[in-house]
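Report on the structure given below.
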Amino acid sequence: MNNDDQYLPLESNGPAYTKSEERHGVPLEYVGQKLRCAIEELNRVARQHPELQSELRATMHYLLVAHLGLHNLLAKADDRSLVDRVLNLNTDELDQWLEMTIRHGAVEGIAGIGLN
């Protein structure tokens, strides 16, 4: 895992991707859990079948954009090495990375709080 992932600023969506909304429906934590499961499953397939990694890159990219966007950490998706790194993380490293994004992000849209 890259040391750059140790610091994830919460103001990372940028103004083009920030909009105040009120919603009623499925809890966003539930949606986040389903995205997490999909990322974990795709990571498992990529590690079991390394010959398929190039075919899995686009799917992992979109899953990571959705996951990071949901947790208000969208700018981290600009990291061009992220998809390949996540595809190759072992189970423990992936769990650690996912927990970090959930812990340092916020589905409620809490922007403006820096992490030091």
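The values are calculated or read from the model by the stated rules, or taken from the named source; none is laboratory data. Because the structure is a prediction, the values reported are computed rather than measured. Methodologically, a virtual Cβ is constructed for each residue, glycine included, from the backbone with ideal geometry; neighbour enumeration extends over all protein chains shown.
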Next on the checklist: For region 49-63, check the following and say yes or no: at least one residue is modelled with pLDDT of 95 or more, surrounded by 18 or more Cβ atoms within 10 Å (Cβ to Cβ) and within 14 Å of Thr101 (Cα to Cα).
Outcome noted: yes
Subset of region 83-116, residues in contact with an Asp or Glu (Cβ under 7 Å, 6 or more places away or on another chain) and modelled with pLDDT of 85 or more, comes to Leu94, Trp97, Met100
Gln33 surrounded by 11 or more Cβ atoms within 10 Å (Cβ to Cβ), out of contact with any helix residue (DSSP H, G or I) (no Cβ under 6 Å at 6 or more places or on another chain) and at pLDDT 90 or above: yes
- Query: Would you say Gln33 is over 15 Å from Trp97 (Cα atoms) and assigned to a helix (DSSP H, G or I)?
  - Reply: no
In region 1-30, anything loosely packed, with under 10 Cβ neighbours inside 10 Å, at pLDDT below 90 and hydrophobic (A, V, I, L, M, F, W, C) is listed as Ala16
Going through region 64-82 in order, the residues found to be outside any helix (DSSP H, G or I), within 10 Å of the chain's Cα centre (by Cα) and either surrounded by fewer than 19 Cβ atoms within 10 Å (Cβ to Cβ) or modelled with pLDDT of 95 or more (or both) are none
In region 21-43, anything free of Cβ contacts under 8 Å to residues at least 40 places away in the same chain and under 18 Å from Leu94 (Cα atoms) is listed as Gln33, Lys34, Leu35, Cys37, Ala38, Glu41
